[in-house]
Amino acid sequence: MKELESFSRLPLGVLPTPLYKLENLSRELGKNLYIKRDDMTGTGLGGNKIRKLEYLLADARDKGADTVLTAGGPQSNHAALTAACAARLGMRAILVLKKRGNLTGGNVILDHVFGADVRFVDTDSYRDVYAEMERIMEDLRREGHVPYFIPVGGSVALGCLGYVGCAREIASQAEALGVSFDAVVSATGSGGTYSGLTLGAKLFMPGTRSIGIGVCDDPFEEISLRLMRETAALLECEVPIDREDVRIYYQIGPGYAKSSPEGREAVYRLARAEGILVDPVYTGKALAGLFELERQGNADLAHAENILFLHTGGAGALFAVDL
């Protein structure tokens, strides 16, 4: 297996991020609930995308890129953090976003603060968004620029390495705490974080189940399986990857990037129990999913004594929705 250190990586995050027990919620649940604070990765308002961008923007730099392009919804955490990291590196960021949902406030403000060139496409299809990105990149090449394409969420094998590394980080922190996690729960919005974390758990925490909470209706069972296998191939590791390794549950509510009653309830519950903020459409829905699985006595959590929740960030979206 190739070492993670053999891949180009830029130190964009402040790592390791904190990991600790949520004492009040643990008493409420009757189980030991821990949190991994990847909302505290140190660039912009923090979030999980920083770990992916460390690898993706290193690849962009190695290829001589001066402009990075990525896509998302108007409140995309990934887009805002791409803009923040590009600013640090002296690169231009062009964000091609769907003209849907909240077009003002929250991350839209941050995109401009970070100096990004924001362009909206009036579509529901990422196929249309990617076609517009290709057109923009052709124009840039004709002008003598070197563009670099990053898909939604940075969810490609190279980006997934960030969460293979996070799993290794968690394993080290768990050992220091004298804790063995039965399960780790994370939001799944494009598949890369969950896939990297699940593969990393197989490599560094073989007794830990990785559970994803899907916040949109994409077929994450298929997406995650593909990304895990592609990332394993990139690492040249021979760990078996089967469908049984992928555990995805859904907490979509009225739709992708739209708040739900369950997500809003989870925002309030965590804030009032532990003083921690999560956004209502990604991490909040994932936390709501964890609470729901626990209430249901779901088999993946029924016998779990120590559960880790991955806080993937996104607090900027709190200022763009009505709670």
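Each value in this text was obtained by applying a stated rule to the coordinates, not by laboratory testing. From a predicted model like this one, the values you see are computed outputs, not experimental measurements. In this analysis, Cβ positions are derived from the backbone assuming ideal geometry, glycine residues included, and neighbour counts consider all displayed protein chains.
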Report task. Return the loop-located chymotrypsin sites (Phe, Trp or Tyr not before Pro) in segment 1-61 (DSSP other than H, G, I, E, B) with at most 11 other Cβ atoms within 10 Å of their own Cβ; answer none if there are none. Result -> none
Report task. Would you mind checking the tilt of helix 126-142 against the longest principal axis of the Cα atoms of the chain, expressed as 0 to 90 degrees and rounded to 10? Result -> 40 degrees
Requested in this report: Only loop residues by DSSP count here, and only those with at most 12 other Cβ atoms within 10 Å; note down the GluC sites (Glu not before Pro) in segment 166-239 that meet that.
Outcome: Glu236, Glu238
Query raised in the report: How much FRET efficiency would the formula 1/(1 + (r/R0)^6) give for Ala233 and Glu5, where r is the Cβ-Cβ distance and R0 is 22 Å, rounded to 0.05?
Result: 0.75
Report summary line: Using alpha carbon centers only, segment 305-323 is separated from segment 250-279 by a whole-angstrom value of 7 Å
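Dipole of the chain, Cα-centred, from +1 at each Lys and Arg C-beta and -1 at each Asp and Glu C-beta, to the nearest 20 debye?
So the dipole magnitude of the chain works out to roughly 460 debye.
So in the chain, what percent of DSSP beta bridges are antiparallel if you round to the nearest 5?
Details: 4 of 38 bridges.
Of those bridges, close to 10 percent are antiparallel.
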Query raised in the report: Mind checking which of Glu265, Glu28, Glu305 has the largest fluctuation in a GNM of the chain, springs on alpha carbons under 10 Å?
Result: Glu28
Query raised in the report: Taking Cα pairs under 8 Å and at least six residues apart, what relative contact order does segment 49-154 come out at, in percent?
Result: 36 percent
Query - Contour minus Cα-Cα distance for Tyr268 and Arg142 (0.36 nm per residue) - result: 40.3 nm
Query raised in the report: Any idea how far apart Leu177 and Arg27 come out in nm if each label point goes 7 Å out from Cα toward Cβ?
Result: 1.8 nm
Query raised in the report: Full extension from Tyr20 to Ile109: what is 0.36 nm times the residue separation minus their Cα-Cα distance, to one decimal in nm?
Result: 28.9 nm
Query raised in the report: If R0 is 51 Å, what FRET efficiency do you get for His303 and Glu134 from their C-beta distance, rounded to 0.05?
Result: 0.55
Query - Sequence-distant aspartates and glutamates (8 or more away, or on other chains) whose Cα lies within less than 12 Å of Lys31 - result: Glu23, Asp182, Glu294, Glu305
Requested in this report: Taking only Cα atoms and a 10 Å spring cutoff, compute GNM fluctuations for the chain and point out the largest among Ala84, Ala233, Ala302.
Outcome: Ala302
Query raised in the report: Taking springs between alpha-carbon atoms closer than 10 angstrom, which of Ala273, Ala116, Ala304 fluctuates most in the Gaussian network model of the chain?
Result: Ala273
